[in-house]
Every structure is written in structure tokens, then in C-alpha cells.
Amino acid sequence: MKQIAILGYGIVGSGVDEVIREYAEKKRSGVTLSVKYILDIRDIPDSRVVSDFALIEEDPDVAVVVESIGGRGAAAEFTRRALSAGKHVVTSNKELVAEHGAELLALAKANNAHYLFEASVGGGIPIIHPFCQCLGANTVTDVIGILNGTSNYILTHMEQNGASFEEALKEAQKLGYAEADPSADVDGLDCARKICILADLAYGRHIPPSNIYVEGIGSVTTAHLREANKAGFTIKLLGRAHQAEGELPRVYAAPHMVAKAHPLAAVSDVFNAVMLRGSVAGDVMFYGRGAGARPTASAVVSDILDCLRSDDPLCGFAWSADPLDIAPPQNAPGYIFADGKKMRVLKNN
Ligand code: HSE
């Protein structure tokens, strides 16, 4: 039996535990999964809970470590130690992947282990694997995504129900969508980290989130949403990456006026969507729940299964740690609201 250790028993960690239990009951494939350890510093009444990572690191029964601590402190240290001990690591930690993904993928490879992060972008939407596997014949030049469930939930509820920003944020927190510190959601940093991960995969080099233009939804008001509606648009926080022939890539995260006829305009609530433009396939779109315990656990547990079943789950996809130069975002023809606020525009395709 393959044993698993879960680091951090918050919304994601406890969701992963629940889904592994369901999976074990249904026995959907030849792989049997069992959680041997939960690492958490809190006093949780569960005999699997430990507070010393060394127990996990030194236990040869543990094949897969789920890092659901978040951030770049203990999460980074335990990920490096687990990979160095030859254990696979699976994570939803977009901050760590966006900042140190190249190094951790290389460390995994050097130790014959896998570092998988399907849950780091788009919650339950399969996007990393399709990018690396099913679109392997393509050069991906463009990525446009609604990548933050909390922001999309807030904008939807402000637009459709006249909710205030604060009311909608509180609801998103109650539903387990928001980060522990929701400023990363509403200030655009979470979206920035996710578009950087997709751009890293597309362009093969590290794009530090601190190098890209980032703007959140904090200054979007219900009056802007009403005005956008009248003009035939809705407002969405988008992550975008684009590379024209012979030019440096442009990567950024910002609110956009999205034409109602554009497929991304219909993506509401906690849902995320990602559009990729492949050199062979053309436009491809992925859609699903972008946050929440169970959609995230769906991606994490699928990654665990992949670690145990496949020799090369990402088909050799990785990126260099050497940062890539990017161009400043274009001054796309913007929309100017009645109060003078300017916003980028995404017209119909
Ligand atoms: N806080 C994130 C979001 C969670 O709202 O999208 C999923 O990464």
C-alpha cells in the first residue's frame, strides 16, 4: 500500500484526506491510498497527527507528501527535504510553484521523484497536465484566464445581486475560497502567481511574479459594473500572457472590460476558465471550479495517483530558473469610465 503524508490540515489538507478516504472506499483503480501522517502544529484529535517532519522524511513507507501548508517558509523547507529523500511531492501552493517551481522540478528529477502542482492553477480544472500532455505538439503563444475564484465570486455578486465588495468577500471567505490573507486574492497577486506558472510552462523560463504588472479588483465599484453592463461588457480579473513572433512576452494580471459575447464573460461565481492558443490546435478553453476544498482536492488526489502510476507525468515539461525578460504590458485601447477610471478591454474573439 502506498502511504501518504499530508502537511497542513486546513481547508485543502482536510479536503484531500476526505477525498482519499472516499477513493479508498470506492477502489476506482488498482492503486490503494492511505494517509499515514498528518503534520500540523495544532492539537487535532487524530492518531495520525505528528508535529515533527523528520518522522515523515525518514519513513520509507511514505511515498507521497502532500504540501498544503502554503507560503514559502516551512512549505519550501519540507518540500526540499521530501524530494531529497526521494518522495514525490504534490501541492496546491501556487506561491511556491511560481517562485521556486524551476528549482523544485529540477530537485525532483535529480532524486527520481515527481513534483506535481495541478491544483495550483484553476482549482479542480485539469490544466497543467493537458498543457504538458495533450497539447505537447503545440507552442503555446497566448494564455488568458480567469484564475482567481474569490475575485470572480465578488465581481459576480456585486454585478448580479448588488452586494457590496465587503459582503461578497465575507461570503467567499465563508465558502473557503479566499486565501488566509485575502489581500492576495483581491489585489491580484494570486492571479499573477497563476498566470506566471502558465507562462513559465509556455515560454520555458522563470517569470517572477514581482516582475509583472499586477492590478486587483479593489477599486472596481458597482457603478463601474453597471456602466460596463450598459456598454455591453462585464468586468473580469484576467491573467494574460502573450508572445508575438520575435518579441518579448507580455505577462500581467488586471481587471478587464470583457465583451459579453466573449466566452470568458459567461464565467461567473467561483468558476475559473483558461483559454490557450496553441500553434497547432488553435484556441482551447478549460472551465471549472477554481477554488474550494473539494475541487482542489480533486486535482491533488489525481496528482497523487499520477505520481504512483506514471514514470513521467508532465512529459518532461519544466522551466529554467533563469528569469525571462518580459515586455511591459501594451497600452491597449482602454475604456474610460464616467469617473475617469481606465480599464483594459477584451473584445469578442
Ligand atoms: N484563493 C484562491 C482563489 C484559491 O480564490 O482562487 C484557489 O487557488
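The values are calculated or read from the model by the stated rules, or taken from the named source; none is laboratory data. Here the structure is a predicted model, which means the values were calculated and not measured. Cβ placement follows ideal geometry from the backbone for every residue including glycine, while neighbour counts extend to all protein chains displayed. Accessible surface areas use protein heavy atoms only, side chains included; no ligands, DNA or RNA. Shrake-Rupley method; radii C 1.70, N 1.55, O 1.52, S 1.80 Å.
For segment 93-116, the tally of residues that are out of contact with any Leu (no Cβ under 6 Å at 6 or more places or on another chain), buried (at least 18 other Cβ atoms within 10 Å of the Cβ) and not small (G, A, S) stands at 11. The set of residues in segment 278-291 that are surrounded by fewer than 20 Cβ atoms within 10 Å (Cβ to Cβ) and either more than 11 Å from I127 (Cα to Cα) or within 16 Å of the ligand (Cβ to nearest atom) (or both) comprises G278, S279, V280, A281, G282, D283, F286, Y287, G288, R289. Take V35 and tell me if it is within 21 Å of R81 (Cα to Cα) and of a type in the set (V, I, T). Judged against the criteria, V35 is a match.
Only one of the numbered conditions (1) in the same structural domain as H206 (by TED's automatic domain parsing); (2) surrounded by 11 or more Cβ atoms within 10 Å (Cβ to Cβ); (3) modelled with pLDDT of 95 or more is violated by A332, and that is (3). Report whether or not V186 is more than 23 Å from V300 (Cα to Cα), open to solvent by less than 30 Å² (accessible area, probe 1.4 Å) and within 12 Å of the ligand (Cβ to nearest atom). Spelling it out, V186 is indeed more than 23 Å from V300 (Cα to Cα), open to solvent by less than 30 Å² (accessible area, probe 1.4 Å) and within 12 Å of the ligand (Cβ to nearest atom).
Tallying residues that are within 16 Å of the ligand (Cβ to nearest atom) and surrounded by fewer than 24 Cβ atoms within 10 Å (Cβ to Cβ) within segment 125-154 yields 1. Could you tell me whether segment 62-76 includes any residue that is at pLDDT 95 or above and among the hydroxyl-bearing types (S, T, Y)? The answer is yes, given that some residue of segment 62-76 is at pLDDT 95 or above and among the hydroxyl-bearing types (S, T, Y). If the condition is being assigned to a loop (DSSP other than H, G, I, E, B) and in contact with a strand residue (DSSP E or B) (Cβ under 6 Å, 6 or more places away or on another chain), then segment 135-146 contributes L135, N138.
All told, R240 falls short of being over 15 Å from V345 (Cα atoms), modelled with pLDDT of 95 or more and open to solvent by 10 Å² or more (accessible area, probe 1.4 Å).
Taking each residue of segment 199-214 that is without any contact (Cβ under 8 Å) to a residue 24 or more places away in the chain and open to solvent by 50 Å² or more (accessible area, probe 1.4 Å) and looking for partners that are assigned to a helix (DSSP H, G or I) and of a type outside the set (D, E) with beta-carbon atoms closer than 6 Å, six or more apart or interchain, yields nothing.
Taken over segment 155-170, the criterion of being within 12 Å of the ligand (Cβ to nearest atom) and open to solvent by 40 Å² or more (accessible area, probe 1.4 Å) is satisfied by no residue.
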